[in-house]
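Following: one structure in structure tokens, then a few remarks.
The values are calculated or read from the model by the stated rules, or taken from the named source; none is laboratory data. Here the structure is a predicted model, which means the values were calculated and not measured. Quick reminder, even Gly has a Cβ in these numbers, built from the backbone with ideal geometry, and neighbours come from all protein chains shown. When the accessible area is computed, the model is the full protein with side chains, heavy atoms only, and any ligands, DNA or RNA have been set aside. Shrake-Rupley method; radii C 1.70, N 1.55, O 1.52, S 1.80 Å.
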Amino acid sequence: LAKTTQPISMDSYEGQEVNITCSHNNIATNDYITWYQQFPSQGPRFIIQGYKTKVTNEVASLFIPADRKSSTLSLPRVSLSDTAVYYCLEAGSARQLTFGSGTQLTVLP
Amino acid sequence: EAGVTQFPSHSVIEKGQTVTLRCDPISGHDNLYWYRRVMGKEIKFLLHFVKESKQDESGMPNNRFLAERTGGTYSTLKVQPAELEDSGVYFCASSPYLGEESNEQFFGPGTRLTVL
């Protein structure tokens, strides 16, 4: 069973900031919070990972509170091409990934 | 740099037949993973190679599935005999990280398997 909980779907408009929250109440001490993106007919693609506080890269930001029971993926100024399924995962290094159902993000014009 | 490639992209076979899927990881990646999504369900882990050795095969559903990675380069996943419930998309992923704290795996486009 997937250990994370996230919304099934979200809608947004182009140019808006999108925040997707994930719950992981029983995350292991050694696990990182990792987010993947998947477009139709493609394999998942790594977006970002973090352990605590805030991580930012050229694609997204990841906010993790001190208790690590949740995390928020932030996508700034989304475009139509950001329409995809976004997965939140708990993962340790070099181990298998456990995917849940993900969040279907639809960006509208 | 070439990404992870998988062959074939689609395969349609009849129940009872044999199918072999191939994955070519990114050059230099010691970790190779197989995953699958069946019947619209979640993506599930099958197994993990480190070079040519099976590190974790806890996700392999039964003995009809055989994975190999001879020489630590490309990998094959054979299903023999195929059953209807094996239909789905089979993903391969590779990663260069061994014992390092990164969960970035590079996925291929998948092979869509249809068993009739």
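For A:Lys69, list the aspartates and glutamates whose Cα falls under 20 Å from its own Cα; do not include residues on the same chain fewer than 8 positions away. Correct list for A:Lys69: A:Asp31, A:Glu90, B:Glu101.
Counting only protein heavy atoms and a probe of 1.4 Å, the accessible surface of chain B is 48% carbon and sulfur. The distance separating the Cα centre of the range B:1-51 from that of the range A:56-109 comes to 24 Å. Taking only protein heavy atoms and a 1.4 Å probe, the accessible area of chain A is 50% carbon and sulfur.
On average, how many beta carbons from a partner chain sit within 10 Å of the beta carbon of a residue in B:34-41?
Mean shielding count: 1.
Is there a pair in A:Lys3/B:Lys54; A:Lys52/B:Lys78; A:Lys3/B:Lys15 whose C-alpha atoms are over 31 Å apart, and which pairs would that be? Exceeds cut-off: A:Lys52/B:Lys78; A:Lys3/B:Lys15. For chain B, the relative contact order works out to 37 percent when only alpha carbon pairs closer than 8 Å and six or more residues apart are counted.
Report the accessible surface area buried between chains A and B, summing both sides, using a 1.4 Å probe on protein heavy atoms only, in Å² rounded to the nearest 100.
Its buried surface, counting both partners, is about 1700 Å².
In terms of the mean number of neighbouring beta-carbon atoms within 10 Å, the peptides A:21-28, B:60-67, B:43-50 order highest first as B:43-50, A:21-28, B:60-67.
Comparing B:Lys15, B:Lys54, B:Lys41 in a Gaussian network model of chain B, where Cα atoms under 10 Å apart are tied by springs, the biggest mean-square fluctuation is seen for B:Lys41. Multiplying the residue separation of B:Glu42 and B:Thr114 by 0.36 nm and subtracting their alpha-carbon distance yields 24.2 nm.
Each peptide among A:58-66, A:79-87 gets the average number of other Cβ atoms lying within 10 Å of its residues, and from highest to lowest they stand as A:79-87, A:58-66.
Remark: the range A:9-103 carries 46 Å² of accessible area per residue (probe radius 1.4 Å; ligands, DNA and RNA excluded).
Looking at chain B, the accessible area is 49 square angstrom per residue; that uses a 1.4 Å probe and ignores ligands, DNA and RNA.
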